[in-house]
Amino acid sequence: MPIDYLPILVMLVVVVAFATIALILSTLTGPRHPTAEKLSPYESGMPPIGSARRRLPVKFYLTAVLFILFDIEIIFFYPWAVLFRQLQWFGLIEMGIFVLVLLIAYVYVWRKGGFDWD
């Protein structure tokens, strides 16, 4: 049984060795010409405006979490679609219940104002 994991161990050793050698070579042979312009922070090619430590509204985080939540729920449609013919009516009813629960959650968040940006 342990011999089955030997290729994975060899690959892990090769990857770590390659990464280590690449980091060492890049620090030894890389150009070192720091200037004020190269060391200044930027975002998308533009100089930053204001402090990076500004406070964001909670609505921003709530919307981000809701997007991730509903986005991840969509992943459950893929295995269902692959096995749809095998699951037959049972799978259809189960997915209907799943979509109904998602719809109830969506309407709840909508009524609570979770999608309003203002």
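The values are calculated or read from the model by the stated rules, or taken from the named source; none is laboratory data. The structure presented is a predicted model; accordingly, all values stated were derived computationally and were not measured. Because the Cβ atoms are built from the backbone with ideal geometry, glycine has one as well, and the counts that use them run over all protein chains shown.
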Next item on the list: Tell me which of these residue 89 doesn't satisfy, since it passes every other one: (1) surrounded by 10 or more Cβ atoms within 10 Å (Cβ to Cβ); (2) modelled with pLDDT of 90 or more.
Entry: (1)
Notebook entry, point to check: Do we find a residue being more than 27 Å from residue 114 (Cβ to Cβ), loosely packed, with under 10 Cβ neighbours inside 10 Å and at pLDDT 85 or above anywhere in the stretch 49-72?
Noted result: no
Margin query: Can you pull out every residue in the stretch 14-68 that is aliphatic (A, V, I, L, M) and either in contact (Cβ under 8 Å) with a residue 12 or more places away in the chain or touching a Phe, Trp or Tyr at 6+ places or on another chain (Cβ under 8 Å) (or both)?
Written below: 62, 66
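Can you tell me which residues in the stretch 35-48 are at pLDDT 80 or above and assigned to a loop (DSSP other than H, G, I, E, B)? So that I can check it myself, show each step before the final result.
First pass over the stretch 35-48, keeping only residues at pLDDT 80 or above: 35-36.
Across the stretch 35-48, the qualifying residue is only 35.
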Notebook entry, point to check: Is one or more of the residues making up the stretch 94-114 among the hydroxyl-bearing types (Ser, Thr, Tyr) and loosely packed, with under 10 Cβ neighbours inside 10 Å?
Noted result: no
Next item on the list: Among the candidates 44, 26, 40, 51, single out the residue that is of a type in the set (S, T, N, Q) and within 23 Å of the chain's Cα centre (by Cα).
Entry: 44
Next item on the list: Could you tell me whether any residue of the stretch 76-93 is among the β-branched types (Val, Ile, Thr) and over 30 Å from residue 42 (Cα atoms)?
Entry: yes
